[in-house]
1. For the range B:339-433, what is one quarter of the convex hull surface built on the Cα atoms, given in nm²?
2. May I have the extent of the alpha carbons of the range B:512-580 along their three principal axes, as whole Å values ordered from largest to smallest?
3. Can you tell me the FRET efficiency between B:ASP60 and B:TRP252 if r is taken as the Cβ-Cβ distance and R0 is 45 Å, rounded to the nearest 0.05?
4. Work out which helices of chain B, taken as complete DSSP H runs, extend at least 30 Å along their axis over the Cα atoms and score a mean Kyte-Doolittle of 1.0 or more, then list them.
5. Please give the peptides A:146-153, A:255-262 ranked by average Cβ packing (other Cβ atoms within 10 Å per residue), highest first, as a rough proxy for protection.
6. Write down the radius of gyration of the protein assembly as shown and its Dmax, each obtained from C-alpha positions, in Å.
7. At q = 0.12, 0.13, 0.20 Å⁻¹, what log₁₀ I(q)/I(0) does the range A:227-361 have when each alpha carbon counts as one equal point scatterer in the Debye sum?
8. Among the lysines, which have Cα under 27 Å from the Cα of B:LYS296 when same-chain residues fewer than 8 positions away are ignored?
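Read the figures in this text as sums done on the coordinates, not as results from a lab. This one's a predicted model, so the numbers in the text were calculated from it and none came from an experiment. Glycine also receives a Cβ, built like all others from the backbone with ideal geometry; neighbour counts cover every protein chain displayed.
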Amino acid sequence: MKTLSKFALTASAAAIALSMATSANAMDMSGKTIEWTIPFSETGGSAKWANFFAPLLSEALPGAPTVVVKFMPGAGSTKGANWFQQQKDGDGTVMFGSSGSTQFPYLLGDPRVKYEYKDWNPVMATGTGGVAYLNAEAGAKFDGSANGLKDMNFIYGSQGATRLDLVPLLAWQMLGMNVEPVFGIKGRGDGRLMFERGEANIDYQTTSGYLGGSMPLVEAGTAVPMMSWGSLDSDGNIVRDPTFPDMPTFKEVCEATDGCETSGEAWDAWKAFFVAGFPSQKIAFLPAGTDQAVIDAFVTAFAAVKARPDFAEISAKRVGKYPMYVGAEAAQALGVATTVPDSAKAFVTTWLKDAYGVELN
Amino acid sequence: MDVFTQALPALGDAFALILQPIVLGYLVLGVVMGLCIGVFPGLGGIAGLSLLLPFMFGMDPILGLALMIGMVAVVPTSDTFASVLMGIPGSSASQATVLDGFPMAKNGEAARALSAAFASSLFGGLIGASFLTVFILVARPIVLSFGLPEMLMITILGLSMVAILAGRVAIKGIAAAGLGLAVGTIGEADAGGSLRMASYDIPYLTDGLKLVIVGLGIFAIPEIISLLRQDRAISKSATLGAGWFEGVKDWWANIWLSVRCSIIGVVVGIIPGLGGSVVDWIAYGHSVQTTKDKSKFGNGEVRGVIGPESSNNAKEGGGLVPTLLFGIPGSGSMAIFIGAVALLGSGSIEVGPSMLKDNLNFTYSIVWLLALANVVGTVMCIASSGMIAKLTTIRFTLLAPFLFMLISFAAFQSGQNFADLVALFGIGLLGIFLRRFDWSRPAFLIGFVLSNPVEKFTNQAFQIARFRFRESMEAGLEYIFSPIVLILLVITVVSVAVGIRQAKSILAEGDVKYGSKRAPFIFLSLIMGYFIVTYWNASQISDRLMGDKIIPMVVSIVAIICCLVLLVRMIRQPETDMVFADREADGDDADAAHGLWPTLAWFAGLLILSGLFGFIIALAIFLISFFRIRAGENWSKSAILTAIGIAFICFMAWTLNRDFPPGLLQDYVELPWPLGGA
């Protein structure tokens, strides 16, 4: 019975995809192999993301071409992105997936960056959120503002100040908290383990990591959620994260905390990097100079994936309950994610140097 | 106690789930696929698992698991073939197996070495699973008690095995380990991102060197070149001596060693963040320390095979604990495994604490599927070992070009960059000289493998300790000197003390003759020069990023002192002193039919041609001219062998969906796969 209903779903999804594809254009990609390059190793979050979408995309594209995920790790994803910049193959057989870790070096002017986001054609983007939490001792002193936390010392397991960790580190600093990052861990899972061992007393996880690994700690009383980063409404305002409607956002906590301001240089910089790192974290691209008909076919296919009746269910655990942007929406998301005012850039560069001695070039 | 009353029915459920014909069928299928991929050095489980991933979506969870586990479980078993027969460390799980396994193959005992290794693997896997069945219920608090100081101590225990493997001149072994540590720090630092011995102009170096390339360069290339120069078969005797049954008897005779090493494997395996890199060295060290007659180690002592092989399969079982209970992968293949579990059953099963509470039967299924896969895989390996061991009686000159082909392909897969091949050649050259002048290559490799953990754990533990000391003196001391740290400290001190006393009698790489003073002296000076440059380079890093500079600086100072001591000894001692060891002076290498440089030039030729015409065209030219000119075969046989080689590599790359290195030609002309490269 289960197999039957699954078959029915697949068939109807394919039918939708087919009807949409034929109405959009008469392109046929049957027999072709699309190589979707991910600039990270087989083991990371981007790999899971691409592996989730690849079979769905294959089903939805006209002619059901084979979609294979290729991995090109190196230099914190700048190697793969530089490679993609060189690709001029406009027939839809080359695809690329970037993530927040590709966006940040671009925004910060990393000397290794030889790629230009504005040249590429975004076809799909997905986002995520993040939650910061405290150990029980610090959690008892947290009352919706960070006023009670200012005289405590915090330790945080961090992947590096120039990575996505920039967002939590800057947030805590703005709240006047004394957080010392221990650098060099290899993933947020290791950070959580450090928290569980009691070596760290503050941590943050992206939404999927929080739901899977940290919620049990909250239930057991060893962790207390502090705030989410929030999410963006259609006007670009930070509102409560739909996955955590009961949790205050950093913006709310900041407003309640003495000395933290939701305007000015620091706030603008934090918001710019939050937007680049979370609400449009992972983006799928076709290379520069791709034919518009090909782009349309991919946009239509991703729209069909999004329209699958079972999409909400199968995507919840894999990519989180966050909006998936397709086509023009994805382009808009990319625009927001890769435009940071020079003042924000300058602020972060100075802060990284003053706080952690990290020089970017 | 109620945990256990819950556990028994779950265990029963698990067996009911596993012991279905269709599940076993998928398991066998996975095992067969794993065996085919595992014999390929450098690819291992990651390549196999990513191959399976697209099929996982929507698959029945238990069938998908059986398929994946079958594949993962046999990799540490099947890579033994490459370690024993060719001296190629197939993965980090079989580094130590090379030390005694390959000499056994050279003595004509390949089948015996293989079957002893497989019997140990099987037993290790079963011990691991039984231990885990009980242990997994209480594992969480124990895993959480291993903080950074404890992990640092285990890493140091692994490093202390250098004392046993240092060779006859202990200080030279320490310098070799120092060189490994220093080479391991090349690239961007984990902590502050400073560059060590690298530049953004050479992006390849900023990521550091990969273990696959260093393992192949240090162990495989020197052995291949040396055998090729002598133009004979791997096995010195034309016929194979002891058969596979002999190996199983060897294992039975050493069953307690096997038990102890299995336990070492599980225990180290469950600690997240260490993975397999230290396990087999600790097991090898333990095997040496508990053997009365140590003279045979390095020359084909079967206990040197049984120890590491018992531990590395048990480790896979242990590695399930951090993977399943914490969602933290112990290795690259485990990371993909986590991703695949999420794909299975559309997200209803997720690794993490719930695996124990809600999915205990599922967890037990995984543990015992792993054990079962071990059994199936081992039986297949033992059955085929007698036949595959015959490879060692083939004239090596006909085998070597295929090995060059395989290791180049494997090296290229690590970074998909032509620089991978250049790095392989460079490290290979270093390996050749380390071997020639009797600098301990195992010590170098231990240093390299543990370089990153040592640096990471030192920095992180130091940072947290400083934080605790700021709280109070007591809190700091309690953090650093936990009971586990103290126990590990005692074990380390004892093992170093015992090791130094015994090191002289353990010739991990056989006996080496002495030669003139000049060549060893020049090599020592070069090594010392490298340490001086490393020191200077690290000292340029800003003091604010102390974590990025401290390890390279300390390592180079210690190594420079060792080099100076050696230098003084070289000046004061006559040239018959063992500090002047030089394989070119006397023995197999000196009597070889071919010189070092002409032989190496063949390999260099393959790489240069690849840079010009891409890998496949280069390979065709290389293979056919090698068989015709170097091996002296006639044209038709050369052509047939070349065709077989190219067909094989293309088939392998095609099934695994891998590319070949492109050359300059491919920049100008668009060629179809496989000629066209990426």
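1. Details: hull surface 43.3 nm².
Result: 10.8 nm².
2. 49, 20, 15 Å, listed from the longest principal axis down.
3. Values: r = 39 Å, r/R0 = 0.87.
The value I calculate is 0.70.
4. Values: long enough: B:61-86 (38 Å, 1.71); B:110-135 (37 Å, 1.47); B:360-388 (41 Å, 1.59); B:441-471 (44 Å, -0.03); B:518-539 (32 Å, 1.06); B:546-572 (39 Å, 1.95); B:635-656 (32 Å, 1.53).
Helix filter hits for chain B: B:61-86, B:110-135, B:360-388, B:518-539, B:546-572, B:635-656.
5. Numbers: A:146-153: 16.9, A:255-262: 15.0.
The densest-packed peptide leads the list: A:146-153, A:255-262.
6. Radius of gyration, then largest Cα-Cα span, for the protein assembly as shown: 28.6, 88 Å.
7. -0.63, -0.73, -1.26
8. Counting by Cα, and skipping residues close in sequence, B:LYS296 has these lysines nearby: B:LYS106, B:LYS172, B:LYS236, B:LYS249, B:LYS315, B:LYS390, B:LYS504, B:LYS513.
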